[in-house]
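Shown next, in C-alpha coordinates, is the structure this report addresses.
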Amino acid sequence: MKSSAPFLPLFALLCGPTLWAAPPSLSDRGKLLDRVAAIVNDGVVLQSELEEQSNIIMQRMKQQGLELPPTVVLHQQVIERLVLQEIQMQKAKRGGISINDENLNQALSDIATRNNISLKDLPNTLSQQGVNYSEYRETVRREMTLQVLRQRDVIQRINISPRELEQFLEKQKSRPSELNEYNLSHILVAVPQEASPQQLDEAARRAQDVSLRAHQGEDFAKLAVAYSNSQTALEGGALGWRKGPEIPTVLADLVIKLKAGEVSEPLRTPSGYHIVRLNEIRGADQATIIEQSHARHILLKTSEIQDDATVEQRLTAVRERISKGEEFAGLAKTLSEDPGSAAEGGDLGWTSPGTFVPEFDKVMNTLAENELSQPFRSQYGWHIIQLLGRRKIDNSDEMRRQRGFVQLRESKSDEETELWLRRLRDEAYVEIKG
(Lines give C-alpha, C1' and ligand atoms only; values in the text may rest on other atoms or scores of the structure.)
Protein backbone atom coordinates (compact mmCIF):
# COMPACT_ATOMS: atom_id res chain seq x y z
CA MET A 1 0.00 0.00 0.00
CA LYS A 2 1.23 3.46 -0.84
CA SER A 3 0.99 6.81 0.88
CA SER A 4 2.20 10.32 0.29
CA ALA A 5 3.84 10.27 3.72
CA PRO A 6 7.53 9.44 3.22
CA PHE A 7 7.74 6.77 5.92
CA LEU A 8 4.59 4.71 5.49
CA PRO A 9 5.60 2.84 2.29
CA LEU A 10 8.79 1.56 3.92
CA PHE A 11 7.11 -0.25 6.79
CA ALA A 12 3.33 -0.28 6.40
CA LEU A 13 1.62 0.95 9.53
CA LEU A 14 -0.78 -1.93 9.81
CA CYS A 15 -1.04 -2.50 13.52
CA GLY A 16 -0.64 0.47 15.81
CA PRO A 17 -1.12 -0.55 19.44
CA THR A 18 -2.36 2.79 20.78
CA LEU A 19 -5.69 2.97 22.61
CA TRP A 20 -8.72 4.56 21.03
CA ALA A 21 -10.25 7.54 22.80
CA ALA A 22 -13.59 6.03 23.75
CA PRO A 23 -17.09 7.60 23.70
CA PRO A 24 -18.83 8.81 26.85
CA SER A 25 -19.15 6.55 29.88
CA LEU A 26 -21.64 3.70 29.83
CA SER A 27 -22.23 3.85 33.58
CA ASP A 28 -21.74 6.10 36.54
CA ARG A 29 -18.81 4.00 37.72
CA GLY A 30 -16.43 4.01 34.73
CA LYS A 31 -15.59 4.78 31.13
CA LEU A 32 -15.12 2.40 28.24
CA LEU A 33 -11.44 2.71 27.26
CA ASP A 34 -11.34 -0.12 24.77
CA ARG A 35 -12.95 -3.41 23.92
CA VAL A 36 -12.10 -6.68 22.18
CA ALA A 37 -12.78 -6.78 18.44
CA ALA A 38 -11.58 -10.36 17.97
CA ILE A 39 -10.23 -13.24 20.01
CA VAL A 40 -7.28 -14.95 18.32
CA ASN A 41 -6.09 -18.13 20.08
CA ASP A 42 -4.88 -16.82 23.44
CA GLY A 43 -4.60 -13.20 22.21
CA VAL A 44 -6.93 -10.43 21.12
CA VAL A 45 -7.34 -7.69 18.56
CA LEU A 46 -8.60 -4.48 20.16
CA GLN A 47 -11.27 -2.16 18.82
CA SER A 48 -8.75 0.68 19.05
CA GLU A 49 -6.46 -1.15 16.60
CA LEU A 50 -9.37 -1.71 14.21
CA GLU A 51 -10.38 1.95 14.32
CA GLU A 52 -6.83 3.23 13.97
CA GLN A 53 -5.96 1.05 11.00
CA SER A 54 -9.28 1.77 9.31
CA ASN A 55 -8.61 5.52 9.63
CA ILE A 56 -5.09 5.14 8.21
CA ILE A 57 -6.37 3.20 5.21
CA MET A 58 -9.22 5.65 4.59
CA GLN A 59 -6.78 8.58 4.62
CA ARG A 60 -4.51 6.73 2.24
CA MET A 61 -7.34 5.95 -0.17
CA LYS A 62 -8.46 9.57 -0.13
CA GLN A 63 -4.93 10.74 -0.93
CA GLN A 64 -4.86 8.32 -3.87
CA GLY A 65 -8.26 9.49 -5.11
CA LEU A 66 -9.87 6.08 -4.59
CA GLU A 67 -13.54 5.59 -3.78
CA LEU A 68 -14.05 4.52 -0.18
CA PRO A 69 -15.87 1.23 0.39
CA PRO A 70 -18.75 1.02 2.88
CA THR A 71 -17.49 1.17 6.47
CA VAL A 72 -18.68 -2.35 7.24
CA VAL A 73 -16.73 -3.73 4.27
CA LEU A 74 -13.60 -1.80 5.23
CA HIS A 75 -13.82 -3.03 8.83
CA GLN A 76 -14.19 -6.63 7.65
CA GLN A 77 -11.06 -6.35 5.55
CA VAL A 78 -9.05 -4.63 8.28
CA ILE A 79 -10.08 -7.00 11.07
CA GLU A 80 -9.08 -9.98 8.92
CA ARG A 81 -5.67 -8.41 8.29
CA LEU A 82 -5.16 -7.72 11.99
CA VAL A 83 -6.21 -11.26 12.87
CA LEU A 84 -3.62 -12.69 10.45
CA GLN A 85 -0.94 -10.42 11.91
CA GLU A 86 -1.82 -11.51 15.45
CA ILE A 87 -1.60 -15.18 14.42
CA GLN A 88 1.82 -14.59 12.87
CA MET A 89 3.12 -12.65 15.88
CA GLN A 90 2.01 -15.47 18.18
CA LYS A 91 3.82 -17.99 15.97
CA ALA A 92 6.96 -15.81 15.92
CA LYS A 93 6.91 -15.58 19.72
CA ARG A 94 6.57 -19.35 20.06
CA GLY A 95 9.47 -19.77 17.64
CA GLY A 96 11.71 -17.45 19.63
CA ILE A 97 11.85 -14.77 16.91
CA SER A 98 12.50 -11.30 18.28
CA ILE A 99 14.11 -8.12 16.99
CA ASN A 100 16.56 -6.57 19.43
CA ASP A 101 17.04 -2.82 19.81
CA GLU A 102 20.35 -2.85 17.94
CA ASN A 103 18.79 -4.33 14.78
CA LEU A 104 15.75 -2.11 15.16
CA ASN A 105 17.89 1.03 15.43
CA GLN A 106 19.84 -0.02 12.33
CA ALA A 107 16.57 -0.41 10.39
CA LEU A 108 15.36 2.99 11.60
CA SER A 109 18.70 4.51 10.62
CA ASP A 110 18.27 3.06 7.12
CA ILE A 111 14.77 4.54 6.92
CA ALA A 112 16.10 7.94 7.98
CA THR A 113 18.92 7.77 5.43
CA ARG A 114 16.52 6.94 2.60
CA ASN A 115 14.50 9.99 3.60
CA ASN A 116 17.63 12.20 3.66
CA ILE A 117 17.52 12.89 7.39
CA SER A 118 19.54 11.72 10.38
CA LEU A 119 18.28 9.18 12.90
CA LYS A 120 18.17 11.82 15.63
CA ASP A 121 15.82 13.93 13.45
CA LEU A 122 13.48 11.02 12.77
CA PRO A 123 11.25 11.48 15.87
CA ASN A 124 10.66 15.15 15.07
CA THR A 125 9.97 14.47 11.40
CA LEU A 126 7.45 11.77 12.31
CA SER A 127 5.86 14.06 14.88
CA GLN A 128 5.28 16.67 12.16
CA GLN A 129 3.31 14.00 10.28
CA GLY A 130 1.27 13.18 13.37
CA VAL A 131 3.07 9.90 14.02
CA ASN A 132 4.18 8.96 17.53
CA TYR A 133 7.83 7.82 17.44
CA SER A 134 7.47 5.15 20.14
CA GLU A 135 4.52 3.61 18.35
CA TYR A 136 6.37 3.83 15.04
CA ARG A 137 9.36 1.96 16.52
CA GLU A 138 7.11 -0.87 17.64
CA THR A 139 5.39 -0.95 14.26
CA VAL A 140 8.75 -1.32 12.54
CA ARG A 141 9.82 -3.97 15.05
CA ARG A 142 6.60 -5.90 14.37
CA GLU A 143 7.03 -5.69 10.60
CA MET A 144 10.63 -6.89 10.88
CA THR A 145 9.48 -9.79 13.04
CA LEU A 146 6.93 -10.83 10.42
CA GLN A 147 9.57 -10.58 7.68
CA VAL A 148 11.90 -12.91 9.60
CA LEU A 149 9.05 -15.35 10.24
CA ARG A 150 8.05 -15.46 6.58
CA GLN A 151 11.66 -15.80 5.50
CA ARG A 152 12.07 -18.79 7.83
CA ASP A 153 8.75 -20.53 7.23
CA VAL A 154 8.09 -19.70 3.57
CA ILE A 155 10.94 -18.26 1.53
CA GLN A 156 13.66 -20.61 2.74
CA ARG A 157 11.44 -23.60 2.03
CA ILE A 158 10.85 -22.72 -1.61
CA ASN A 159 12.77 -25.16 -3.76
CA ILE A 160 13.87 -24.32 -7.29
CA SER A 161 15.32 -27.25 -9.15
CA PRO A 162 18.18 -26.83 -11.65
CA ARG A 163 15.76 -27.91 -14.39
CA GLU A 164 13.25 -25.19 -13.42
CA LEU A 165 15.98 -22.57 -13.53
CA GLU A 166 17.26 -23.76 -16.91
CA GLN A 167 13.75 -23.75 -18.37
CA PHE A 168 13.14 -20.25 -17.03
CA LEU A 169 16.42 -18.94 -18.45
CA GLU A 170 15.65 -20.57 -21.80
CA LYS A 171 12.30 -18.79 -21.94
CA GLN A 172 13.99 -15.51 -21.07
CA LYS A 173 16.24 -15.87 -24.10
CA SER A 174 13.22 -15.57 -26.36
CA ARG A 175 12.15 -12.20 -25.04
CA PRO A 176 13.90 -8.85 -24.50
CA SER A 177 15.01 -8.32 -20.92
CA GLU A 178 12.82 -6.21 -18.65
CA LEU A 179 16.05 -4.89 -17.13
CA ASN A 180 17.22 -3.38 -20.39
CA GLU A 181 16.17 -0.49 -22.57
CA TYR A 182 16.36 -0.85 -26.34
CA ASN A 183 16.67 2.03 -28.80
CA LEU A 184 14.86 0.88 -31.94
CA SER A 185 14.09 1.99 -35.46
CA HIS A 186 11.48 0.27 -37.60
CA ILE A 187 10.39 -0.01 -41.21
CA LEU A 188 7.07 -1.51 -42.26
CA VAL A 189 6.47 -2.52 -45.87
CA ALA A 190 2.71 -2.84 -45.72
CA VAL A 191 0.61 -5.47 -47.45
CA PRO A 192 -3.01 -4.74 -48.39
CA GLN A 193 -5.57 -6.67 -46.36
CA GLU A 194 -6.75 -8.62 -49.40
CA ALA A 195 -3.51 -8.54 -51.35
CA SER A 196 -3.17 -10.41 -54.62
CA PRO A 197 -0.28 -12.83 -55.12
CA GLN A 198 1.37 -10.19 -57.30
CA GLN A 199 1.10 -7.56 -54.54
CA LEU A 200 2.53 -10.01 -52.01
CA ASP A 201 5.49 -10.77 -54.23
CA GLU A 202 6.10 -7.08 -54.83
CA ALA A 203 6.02 -6.27 -51.10
CA ALA A 204 8.37 -9.18 -50.35
CA ARG A 205 10.87 -8.00 -52.98
CA ARG A 206 10.71 -4.40 -51.72
CA ALA A 207 11.24 -5.48 -48.12
CA GLN A 208 14.17 -7.68 -49.08
CA ASP A 209 15.72 -4.85 -51.10
CA VAL A 210 15.33 -2.35 -48.21
CA SER A 211 16.78 -4.86 -45.75
CA LEU A 212 19.77 -5.55 -48.02
CA ARG A 213 20.49 -1.83 -48.45
CA ALA A 214 20.30 -1.33 -44.68
CA HIS A 215 22.69 -4.25 -44.12
CA GLN A 216 25.10 -2.71 -46.62
CA GLY A 217 25.23 0.46 -44.52
CA GLU A 218 22.71 2.75 -46.15
CA ASP A 219 21.15 5.21 -43.70
CA PHE A 220 18.23 3.45 -42.01
CA ALA A 221 16.37 6.67 -41.27
CA LYS A 222 16.41 7.72 -44.92
CA LEU A 223 15.20 4.28 -45.98
CA ALA A 224 12.36 4.56 -43.45
CA VAL A 225 11.27 7.94 -44.77
CA ALA A 226 11.35 6.64 -48.34
CA TYR A 227 9.81 3.19 -47.96
CA SER A 228 8.15 2.67 -44.57
CA ASN A 229 4.37 2.61 -44.27
CA SER A 230 4.56 2.91 -40.48
CA GLN A 231 3.29 5.88 -38.49
CA THR A 232 6.90 6.62 -37.54
CA ALA A 233 8.14 6.86 -41.13
CA LEU A 234 8.60 10.66 -41.00
CA GLU A 235 10.66 10.27 -37.83
CA GLY A 236 13.05 8.02 -39.70
CA GLY A 237 11.32 4.99 -38.23
CA ALA A 238 12.50 5.90 -34.73
CA LEU A 239 10.64 4.09 -31.94
CA GLY A 240 12.93 5.55 -29.27
CA TRP A 241 13.93 3.82 -26.05
CA ARG A 242 11.68 0.94 -25.03
CA LYS A 243 11.99 -1.42 -22.07
CA GLY A 244 11.77 -5.11 -22.92
CA PRO A 245 8.07 -5.57 -22.04
CA GLU A 246 7.19 -2.35 -23.90
CA ILE A 247 8.45 -3.62 -27.25
CA PRO A 248 5.57 -4.70 -29.52
CA THR A 249 5.30 -8.46 -29.45
CA VAL A 250 5.68 -8.72 -33.19
CA LEU A 251 9.07 -6.97 -33.00
CA ALA A 252 10.36 -8.64 -29.85
CA ASP A 253 11.27 -11.82 -31.75
CA LEU A 254 13.48 -9.75 -34.04
CA VAL A 255 15.07 -7.60 -31.35
CA ILE A 256 16.21 -10.50 -29.21
CA LYS A 257 18.37 -11.83 -32.07
CA LEU A 258 20.17 -8.54 -32.70
CA LYS A 259 23.26 -6.88 -31.32
CA ALA A 260 23.56 -3.11 -31.14
CA GLY A 261 23.90 -1.67 -34.66
CA GLU A 262 22.46 -4.71 -36.43
CA VAL A 263 19.46 -4.83 -38.78
CA SER A 264 16.99 -7.70 -38.87
CA GLU A 265 15.81 -9.72 -41.81
CA PRO A 266 12.23 -8.91 -42.91
CA LEU A 267 9.53 -10.55 -40.78
CA ARG A 268 6.19 -11.32 -42.41
CA THR A 269 3.03 -10.58 -40.41
CA PRO A 270 -0.59 -9.95 -41.48
CA SER A 271 0.17 -6.22 -41.70
CA GLY A 272 3.23 -6.60 -43.89
CA TYR A 273 7.00 -6.98 -43.62
CA HIS A 274 8.81 -5.54 -40.59
CA ILE A 275 12.49 -4.59 -40.51
CA VAL A 276 14.08 -3.50 -37.23
CA ARG A 277 17.37 -1.82 -36.42
CA LEU A 278 18.66 -2.14 -32.86
CA ASN A 279 20.49 1.13 -32.37
CA GLU A 280 21.62 0.79 -28.75
CA ILE A 281 21.07 -1.22 -25.60
CA ARG A 282 21.44 0.06 -22.08
CA GLY A 283 20.70 -1.45 -18.71
CA ALA A 284 21.61 -4.18 -16.26
CA ASP A 285 21.65 -7.03 -18.77
CA GLN A 286 24.74 -5.81 -20.61
CA ALA A 287 28.03 -7.65 -20.44
CA THR A 288 29.43 -7.26 -16.95
CA ILE A 289 33.21 -7.39 -16.83
CA ILE A 290 34.61 -7.96 -13.35
CA GLU A 291 38.14 -8.46 -12.08
CA GLN A 292 38.68 -11.62 -10.08
CA SER A 293 41.61 -12.34 -7.78
CA HIS A 294 43.36 -15.62 -7.03
CA ALA A 295 45.01 -15.64 -3.62
CA ARG A 296 46.05 -17.90 -0.78
CA HIS A 297 46.39 -17.07 2.88
CA ILE A 298 47.41 -18.31 6.30
CA LEU A 299 45.15 -17.53 9.26
CA LEU A 300 46.19 -17.59 12.92
CA LYS A 301 43.72 -16.82 15.69
CA THR A 302 44.22 -15.24 19.08
CA SER A 303 43.37 -17.14 22.25
CA GLU A 304 43.71 -16.87 26.01
CA ILE A 305 47.29 -18.04 25.62
CA GLN A 306 48.22 -15.99 22.52
CA ASP A 307 47.31 -12.31 22.33
CA ASP A 308 47.37 -10.11 19.19
CA ALA A 309 51.04 -9.20 19.59
CA THR A 310 52.09 -12.84 19.91
CA VAL A 311 50.09 -14.00 16.89
CA GLU A 312 51.32 -11.09 14.77
CA GLN A 313 54.91 -11.95 15.70
CA ARG A 314 54.34 -15.62 14.75
CA LEU A 315 52.94 -14.64 11.37
CA THR A 316 55.86 -12.28 10.75
CA ALA A 317 58.20 -15.22 11.32
CA VAL A 318 56.14 -17.39 8.94
CA ARG A 319 56.26 -14.68 6.30
CA GLU A 320 60.04 -14.52 6.66
CA ARG A 321 60.32 -18.29 6.12
CA ILE A 322 58.21 -18.04 2.92
CA SER A 323 60.32 -15.11 1.68
CA LYS A 324 63.42 -17.29 2.09
CA GLY A 325 61.97 -20.00 -0.10
CA GLU A 326 59.91 -22.25 2.16
CA GLU A 327 56.74 -23.51 0.48
CA PHE A 328 53.63 -21.45 1.25
CA ALA A 329 51.22 -24.36 0.72
CA GLY A 330 53.08 -26.62 3.14
CA LEU A 331 53.10 -24.01 5.89
CA ALA A 332 49.42 -23.27 5.31
CA LYS A 333 48.50 -26.95 5.66
CA THR A 334 50.34 -27.28 8.97
CA LEU A 335 49.75 -23.83 10.51
CA SER A 336 46.63 -22.18 9.10
CA GLU A 337 43.54 -22.19 11.29
CA ASP A 338 41.15 -21.58 8.41
CA PRO A 339 39.22 -24.87 8.08
CA GLY A 340 37.99 -23.95 4.63
CA SER A 341 41.36 -23.44 2.96
CA ALA A 342 44.09 -25.03 5.10
CA ALA A 343 43.76 -28.45 3.44
CA GLU A 344 44.18 -26.73 0.06
CA GLY A 345 47.41 -25.07 1.09
CA GLY A 346 45.56 -21.84 1.89
CA ASP A 347 44.28 -21.56 -1.71
CA LEU A 348 41.09 -19.48 -1.93
CA GLY A 349 40.56 -19.97 -5.67
CA TRP A 350 39.30 -17.29 -8.05
CA THR A 351 37.01 -14.88 -6.21
CA SER A 352 34.95 -11.86 -7.18
CA PRO A 353 34.95 -8.46 -5.46
CA GLY A 354 33.10 -8.46 -2.14
CA THR A 355 33.70 -12.14 -1.42
CA PHE A 356 35.79 -11.41 1.68
CA VAL A 357 35.48 -9.02 4.60
CA PRO A 358 36.56 -5.42 3.79
CA GLU A 359 39.88 -5.66 5.70
CA PHE A 360 40.89 -8.71 3.66
CA ASP A 361 39.81 -7.22 0.31
CA LYS A 362 41.61 -3.96 1.05
CA VAL A 363 44.97 -5.65 1.63
CA MET A 364 44.55 -8.11 -1.25
CA ASN A 365 43.76 -5.31 -3.70
CA THR A 366 47.07 -3.55 -2.94
CA LEU A 367 49.23 -6.58 -3.79
CA ALA A 368 51.13 -7.22 -6.99
CA GLU A 369 51.21 -10.72 -8.45
CA ASN A 370 53.12 -13.17 -6.18
CA GLU A 371 53.59 -10.46 -3.53
CA LEU A 372 53.25 -11.39 0.15
CA SER A 373 51.34 -9.09 2.46
CA GLN A 374 52.44 -8.04 5.90
CA PRO A 375 50.44 -9.60 8.76
CA PHE A 376 47.08 -7.87 9.27
CA ARG A 377 44.03 -8.36 11.42
CA SER A 378 40.39 -9.01 10.48
CA GLN A 379 37.42 -10.13 12.55
CA TYR A 380 38.55 -13.73 12.02
CA GLY A 381 42.13 -13.33 13.25
CA TRP A 382 45.52 -12.50 11.74
CA HIS A 383 46.33 -13.17 8.07
CA ILE A 384 49.10 -13.08 5.54
CA ILE A 385 48.09 -13.19 1.87
CA GLN A 386 49.95 -14.07 -1.30
CA LEU A 387 48.33 -12.87 -4.51
CA LEU A 388 48.68 -15.47 -7.26
CA GLY A 389 46.99 -13.60 -10.09
CA ARG A 390 44.19 -11.42 -11.44
CA ARG A 391 41.88 -11.81 -14.40
CA LYS A 392 38.91 -10.08 -16.00
CA ILE A 393 35.86 -12.13 -16.88
CA ASP A 394 32.39 -11.54 -18.29
CA ASN A 395 30.09 -12.26 -15.37
CA SER A 396 26.85 -11.73 -17.33
CA ASP A 397 25.77 -15.37 -17.41
CA GLU A 398 26.25 -15.80 -13.67
CA MET A 399 24.34 -12.58 -12.97
CA ARG A 400 21.50 -13.76 -15.24
CA ARG A 401 21.34 -17.03 -13.34
CA GLN A 402 21.24 -15.19 -10.01
CA ARG A 403 18.49 -12.85 -11.25
CA GLY A 404 16.58 -15.78 -12.70
CA PHE A 405 16.73 -17.61 -9.39
CA VAL A 406 15.48 -14.54 -7.50
CA GLN A 407 12.68 -13.94 -10.02
CA LEU A 408 11.56 -17.57 -9.82
CA ARG A 409 11.63 -17.53 -6.03
CA GLU A 410 9.67 -14.28 -5.90
CA SER A 411 7.10 -15.60 -8.37
CA LYS A 412 6.56 -18.60 -6.10
CA SER A 413 6.72 -16.69 -2.82
CA ASP A 414 3.45 -14.78 -3.30
CA GLU A 415 1.46 -17.94 -3.85
CA GLU A 416 3.30 -19.88 -1.12
CA THR A 417 2.83 -17.04 1.38
CA GLU A 418 -0.88 -16.90 0.64
CA LEU A 419 -1.22 -20.67 1.13
CA TRP A 420 0.81 -20.47 4.35
CA LEU A 421 -1.39 -17.69 5.73
CA ARG A 422 -4.53 -19.65 4.85
CA ARG A 423 -3.19 -22.67 6.74
CA LEU A 424 -2.34 -20.53 9.78
CA ARG A 425 -5.81 -18.96 9.69
CA ASP A 426 -7.58 -22.32 9.38
CA GLU A 427 -5.61 -23.80 12.28
CA ALA A 428 -6.24 -20.85 14.62
CA TYR A 429 -9.18 -20.23 16.93
CA VAL A 430 -10.71 -16.91 15.84
CA GLU A 431 -13.87 -15.30 17.20
CA ILE A 432 -14.93 -11.98 15.69
CA LYS A 433 -16.90 -9.86 18.16
CA GLY A 434 -19.85 -7.79 16.99
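Could you tell me whether residue 305 is within 30 Å of residue 341 (Cβ to Cβ), at pLDDT below 90, in a strand (DSSP E or B) and of a type outside the set (S, T, N, Q)? No, not satisfied.
Where helices (runs of 4 or more DSSP H) sit wholly within segment 158-258, those with at least 3 residues that are modelled with pLDDT of 85 or more occupy 162-173, 197-215, 220-227. Might you let me know whether segment 280-296 holds any residue that is assigned to a loop (DSSP other than H, G, I, E, B) and basic (Lys, Arg)? Checked segment 280-296: no residue is assigned to a loop (DSSP other than H, G, I, E, B) and basic (Lys, Arg). On inspection, residue 77 does not qualify as surrounded by 20 or more Cβ atoms within 10 Å (Cβ to Cβ) and at negative phi.
Here is a yes/no grid of residues against (1) surrounded by 12 or more Cβ atoms within 10 Å (Cβ to Cβ); (2) within 25 Å of residue 77 (Cα to Cα); (3) free of Cβ contacts under 8 Å to residues at least 12 places away in the same chain; (4) of a type in the set (Phe, Trp, Tyr):
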site: 350; (1), (2), (3), (4): yes, no, no, yes
site: 360; (1), (2), (3), (4): yes, no, no, yes
site: 369; (1), (2), (3), (4): no, no, no, no
site: 382; (1), (2), (3), (4): yes, no, no, yes
site: 398; (1), (2), (3), (4): yes, no, yes, no
site: 408; (1), (2), (3), (4): yes, no, no, no
site: 420; (1), (2), (3), (4): yes, yes, no, yes
site: 430; (1), (2), (3), (4): yes, yes, no, no
site: 433; (1), (2), (3), (4): yes, yes, no, no
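In the condition set (1) closer than 21 Å to residue 370 by Cα; (2) touching a residue at least 60 places away in the same chain (Cβ under 8 Å); (3) charged (D, E, K, R); (4) loosely packed, with under 15 Cβ neighbours inside 10 Å, residue 319 is compliant with all but (4). The requirement of being at pLDDT below 90, under 22 Å from residue 428 (Cβ atoms) and more than 24 Å from the chain's Cα centre (by Cα) is satisfied by residue 77.
Residues considered: 208, 167, 199. Of these, the only one that is out of contact with any strand residue (DSSP E or B) (no Cβ under 7 Å at 6 or more places or on another chain), outside the structural domain of residue 403 (by TED's automatic domain parsing) and without any contact (Cβ under 8 Å) to a residue 24 or more places away in the chain is 199.
Does segment 385-396 hold any residues that are at pLDDT 85 or above and surrounded by 15 or more Cβ atoms within 10 Å (Cβ to Cβ), and which are they? If the condition is that a residue be at pLDDT 85 or above and surrounded by 15 or more Cβ atoms within 10 Å (Cβ to Cβ), then 385, 386, 387, 388, 390 are the ones that fit.
Does segment 356-364 include one or more residues that are part of a loop (DSSP other than H, G, I, E, B), touching a strand residue (DSSP E or B) at 6+ places or on another chain (Cβ under 6 Å) and modelled with pLDDT under 95? Yes, the conditions are met somewhere in segment 356-364. Set side by side, the residues 45, 131 differ, and just one is out of contact with any Pro (no Cβ under 6 Å at 6 or more places or on another chain) and assigned to a loop (DSSP other than H, G, I, E, B), which is 131. Taking segment 116-146 as the range and being exposed (fewer than 14 other Cβ atoms within 10 Å of the Cβ) and either among the polar types (S, T, N, Q) or under 29 Å from residue 416 (Cα atoms) (or both) as the test, the residues that pass are 116, 118, 124, 127, 128, 129, 134.
Only a single criterion out of (1) farther than 19 Å from residue 434 by Cα; (2) under 27 Å from the mean Cα position of the chain (by Cα) is not satisfied by residue 65, namely (2).
No other residue among 291, 280 is surrounded by fewer than 19 Cβ atoms within 10 Å (Cβ to Cβ), in contact (Cβ under 8 Å) with a residue 60 or more places away in the chain, under 30 Å from residue 350 (Cα atoms) and out of contact with any His (no Cβ under 6 Å at 6 or more places or on another chain) apart from 291.
The values are calculated or read from the model by the stated rules, or taken from the named source; none is laboratory data. The structure presented is a predicted model; accordingly, all values stated were derived computationally and were not measured. When we count neighbours, we look across all protein chains shown, and the Cβ atoms used for this are built from the backbone with ideal geometry, even at glycine.
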